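Worksheet: one structure, shown below.
The values are calculated or read from the model by the stated rules, or taken from the named source; none is laboratory data. What you see is a predicted model, and the numbers here were worked out from it, not measured in a lab. Please note: Cβ atoms are built from the backbone with ideal geometry, for glycine as well, and neighbour counts cover all protein chains shown. Keep in mind that these areas ignore ligands, DNA and RNA; they rest on the heavy atoms of the full protein, side chains included. Shrake-Rupley method; radii C 1.70, N 1.55, O 1.52, S 1.80 Å.
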Amino acid sequence: MSQFMYRVLAWITALVVSGGVVRTEAPVGPEISAPSAVLMEASTGQIIYEKNGEEQRSPASITKIMTLILIFDAIDSGKISLSDQVVTSAYAKSMGGSQVFLEEGEMQTVETLIKCIVIASGNDASVAMAEYIAGSEEEFVRQMNERAKGLGMNDTNFEDCCGLTDSPTHVTTAKDIAIMSRELITKYPQIHNYSTIWMENITHVTKQGTKEFGLANTNKLLKMAADFQVTGLKTGSTSRAKYCLSATAQKDGIRLIAVIMAAPDYKARFSDARNLLSYGYARCRLYEDKEKIPLPEMKVAGGVKENVLLEAEGTFTWLSTEGEDLGKIEKKLELAEQMEAPLARGERAGMIAYYMDGEKLGELPVVTAEAVEKAGYIDQLQKLFGKWAGFRNKAA
């Protein structure tokens, strides 16, 4: 009997058993050939799908996501700027593997080297930037591991800044890659200005003269047909790591991160990532509280002011993956009766709690929107005088 006939027979059997009603069950997950994968929603950090997500593996050039985080950290702090000129060292030039063929002594701007890292996965560009920021690759790698620990990437250990090493102890996990990918795209969304570039030329100016060099994006998912927009992020492959990918996409305000590790071949990593993202967008809807509850003023005891203004800290989001009715979400303001002076701006005053069918989904902190100093002796006298004057006016 053919496979088709087996399926027909199974369908008829199900129809009979169910009393004429066919009940179809949703698939437990997408088809993934890679041994390790994670799908995460970016705004909440919620993991939607996981397959051996905490299994340590070699990340290859996915390592460069952390390198990029440190580069943008340095730009954000003012330590470096996009227009800075970076000189290529002999060591940076010596990097093999994926490279943009920088020459010793060659100067490129920080922005050009970011493009070389993001688009063409340049190992030489990565090391040049590591040396420029930290003085040496060794110190830069120490900072990479420190940053990773700060993000809770407890199963990660970096030993270089580009993933070229064949060391068995240069490892991370699909879950940790999702965490650092989320950090990069949420803290520095300008990364997508580079990760969506398909092709671009850079100019080498060396002792040998001037020549153009073409950068071609290693993320072929950018050109694969899909019902969502691919926005990045980073590929990686070595003989140890096999084929890896951290893919980012957006649709209807939802940003997803699909991580694939150790896919068996070049095409499989992109196919797996597309399947993961399609699966995610078929399941996910995002609730975002754009109409927050109006906040009253909070009473302040012992302050130069009797009340303090309040504000909600950030925006509450909640990810639906089971088809919940987002219209049923209820909000409840929960505040302290009063606060004691002195108060700094940003002190916790309470929260907006979010519920569905009596179950708490999460909360949004409510904080002071201004500082209030503690009242001194003169302040107290002025308050008493003001109250007394007001009482006399009413009595009159």
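Charged neighbours of Gly253, selected by a Cβ distance under 12 Å, balance to +1 (K, R count +1; D, E count -1). Rolled with a 1.4 Å probe across the full set of protein chains, the surface gives Thr186 an accessible area near 60 Å².
The heavy atoms of Tyr49 present about 40 square angstrom of accessible area, all protein chains included, probe 1.4 Å.
With an a/c value of 1.5 or above and a/b not larger than b/c for the gyration tensor axes a ≥ b ≥ c computed over the alpha-carbon atoms, the chain is described as oblate. Ranked by solvent-accessible area (1.4 Å probe, protein heavy atoms only, all chains present), the residues Lys223, Lys251 order from largest to smallest as Lys223, Lys251.
Expressed as a whole percentage, what fraction of the accessible surface of the chain belongs to carbon and sulfur atoms when a 1.4 Å probe is rolled over the protein heavy atoms? Carbon with sulfur: 51 percent of the solvent-accessible area. The overall shape of the stretch 139-278 is rounded: from the C-alpha gyration tensor, with semi-axes ordered a ≥ b ≥ c, the ratio a/c is less than 1.5. May I ask you to derive the relative contact order of the stretch 173-243, considering only C-alpha pairs under 8 Å and at least 6 residues apart, and to give it as an integer percent? The value is 25 percent. Reported to the nearest whole Å, the Cα centre-to-centre distance from the stretch 244-321 to the stretch 50-112 is 27. With all protein chains in place and ligands, DNA and RNA left out, the 1.4 Å accessible area ranks Ser239, Ser246, Ser33 as Ser239, Ser33, Ser246, largest first. Largest accessible area first, the listed residues Glu311, Glu330 line up as Glu330, Glu311 when surface is computed with a 1.4 Å probe on the assembled protein chains. When the C-alpha to C-alpha distance is required to be over 20 Å, the pairs from Lys93/Lys267; Lys292/Lys331; Lys242/Lys267; Lys175/Lys251 that qualify are Lys93/Lys267; Lys175/Lys251. Rounded to the nearest 20 debye, the dipole magnitude of the stretch 70-118 is 80 debye, with +1 charges on Lys and Arg beta carbons, -1 on Asp and Glu beta carbons, and the Cα centre as origin.
When you restrict to C-alpha pairs under 8 Å that are six or more residues apart and normalise by the size of the chain, the relative contact order lands at 15 percent.
Past 27 Å, Cα to Cα: identify those pairs from Lys79/Lys223; Lys207/Lys234; Lys299/Lys332; Lys234/Lys360, in the order given.
The answer is Lys79/Lys223; Lys207/Lys234; Lys234/Lys360.
In this view, the solvent-accessible surface of Thr109, computed with a 1.4 Å probe and all protein chains in place, comes to about 30 Å². Helix content alone sets the calculated 222 nm mean residue ellipticity of the chain: runs of n ≥ 4 DSSP H residues at -39500 (n - 2.57) each, divided across all residues, give -9500 deg cm²/dmol. Per residue, the accessible area of the stretch 180-287 comes to 45 Å² when a 1.4 Å probe rolls over the protein heavy atoms.
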